[in-house]
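Structure first, commentary second.
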Amino acid sequence: MSPESFHLAEIAVPHDPKGAWGAVMDGMAQCSVECQLEQYGYDDLADDATESDLLHFHDQRDRRKLWLVALAGPRPVDAIDGQMAGVRLVRPEPDQEVASPDDVLAVCYANAPLTDNTHLIDAGEPQVRPTARGLGIDEALFAVHDQFARANDRSTVLGWVGHRGAEAAADDPDAVIDPTGEVRLDRADPTVTRYLAAGYSLAQAERHSVQPIPVPDEVLAPACDPSRAEAGGYQVLQWTGLTPDEWLEDMAALNTAMSTDPPLGDVDWRPEIWDAERVRRQEERSLLDGTFATTVIRHRASGRLVGFTQLLASSRKPAVAFQWSTIVLDGHRGHGLGLLLKAANARLLHEAFPSVQRVHTWNADENDHMLGINIALGYVREDFGACWQKVLL
């Protein structure tokens, strides 16, 4: 194919995120849905909530966000370059820049954290329409990620990828092995091949699991028994929606611990800086997509929260929820609080949001304790995810 069969473009941050959107936004949603349906057979994980996505994109207080698309045909001679990626700039609003959603061949997201981890960028996997594969779009997007990182004085690029059906045979001597030596990916898998060719290394494997809801009562009832926790001096509290003001500072401390307490493999992720304002800001943004079910553990003697788990029930896909953070602070473990938290929150989720049928979660494959809790509560492995890491020279 001709190198002019596509060109890359950067989406401009909209002046009015609540305004109408044009063909490029519809095309981005279509790319994501097509790729997710091909990989999983469902669109639970697709970025197809155009209106809320625009609102998220517009809010760049914590992260400098970049949306990239591949557009059919050569770059117009009168195109204007964007400032973040050095490629053509297109507006998300209705205009004549992109005539049809079908002109959008691929979409990819990246962001540069502004509060912490300012040495890296996060980059999603390029979502290329099946009909546009083999044109070199992935490679072109990888190159722009590097350019975006360098323009923001970042030394590291992290790529988060789902690998369904990419496991290597146990006796494959050429397998790509995660740092723990437990997960083996097939080097010949197209996605694995592309990341290796672009200079990435496998920094960590994650297990993507799905929990059917409701959890059978014979499983949930004993797991929700609070007697052991109460005997240890702990109390279970729950709510839906925004965190009550009185608990914001404690939730900030728990989120700070969550940023580095779980296993990280070789991922160069450093402690995050959380305060009450950041917790509230993150939750308010998330309410664009759904609402929370939250269960926390309060230590009676100190009055402080020492553990929490949080699920986001999707408003646009009522059958789906997503597991967010789960943590029990060091010094308060050994009382069965992790299992109690997740079991009690599964019950709360079903009672408060009865339309939810399944929960998606991701855990480091070496996090045996949390994986054991998930398995006990009915989670089943869906696939492996991976963090691919590239250190720029």
**Prompt:** Do we find that Asp146 is at pLDDT 95 or above and either part of a helix (DSSP H, G or I) or not assigned by TED's automatic domain parsing to the domain that holds Pro74 (or both) in this structure?
**Reply:** yes
**Residues that are charged (D, E, K, R) and either within 15 Å of Ala12 (Cβ to Cβ) or in contact (Cβ under 8 Å) with a residue 40 or more places away in the chain (or both), drawn from the stretch 77-112** = Asp81, Arg88, Arg91, Glu93, Asp95, Glu97, Asp102, Asp103
**Prompt:** Among the residues of the stretch 28-51, which ones are outside any helix (DSSP H, G or I) and more than 30 Å from Asn117 (Cα to Cα)?
**Reply:** Gly41, Tyr42, Asp43
**Message:** I need the full set of residues from the stretch 349-393 which are more than 20 Å from the chain's Cα centre (by Cα) and assigned to a strand (DSSP E or B), in order please.
**Reply:** Val391
**Asked** Does Arg316 meet the test of being buried (at least 16 other Cβ atoms within 10 Å of the Cβ) and either in contact (Cβ under 8 Å) with a residue 24 or more places away in the chain or touching a Cys at 6+ places or on another chain (Cβ under 9 Å) (or both)?
**Response** no
**Item:** Count of the stretch 227-248 residues which are surrounded by 15 or more Cβ atoms within 10 Å (Cβ to Cβ) and either out of contact with any helix residue (DSSP H, G or I) (no Cβ under 8 Å at 6 or more places or on another chain) or not in a strand (DSSP E or B) (or both)
**Value:** 7
**Message:** Quick check on my filter: what residues within the stretch 362-393 are within 30 Å of Phe148 (Cα to Cα), touching a residue at least 40 places away in the same chain (Cβ under 8 Å), among the aliphatic types (A, V, I, L, M) and surrounded by fewer than 20 Cβ atoms within 10 Å (Cβ to Cβ)?
**Reply:** Val391, Leu392
**Message:** So, in the stretch 319-348, exactly how many residues are of a type in the set (Gly, Ala, Ser), in a strand (DSSP E or B) and surrounded by 18 or more Cβ atoms within 10 Å (Cβ to Cβ)?
**Reply:** 1
**Request:** Considering only the stretch 52-105, state which residues are outside any loop (DSSP other than H, G, I, E, B) and small (Gly, Ala, Ser).
**Result:** Ser52, Ala70, Ala72
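The values are calculated or read from the model by the stated rules, or taken from the named source; none is laboratory data. Fair warning: this is a prediction, and the values are worked out from it, not measured in the lab. Heads up, the Cβs are rebuilt from the backbone with ideal geometry, glycines too, and the neighbour counts pull from every protein chain shown.
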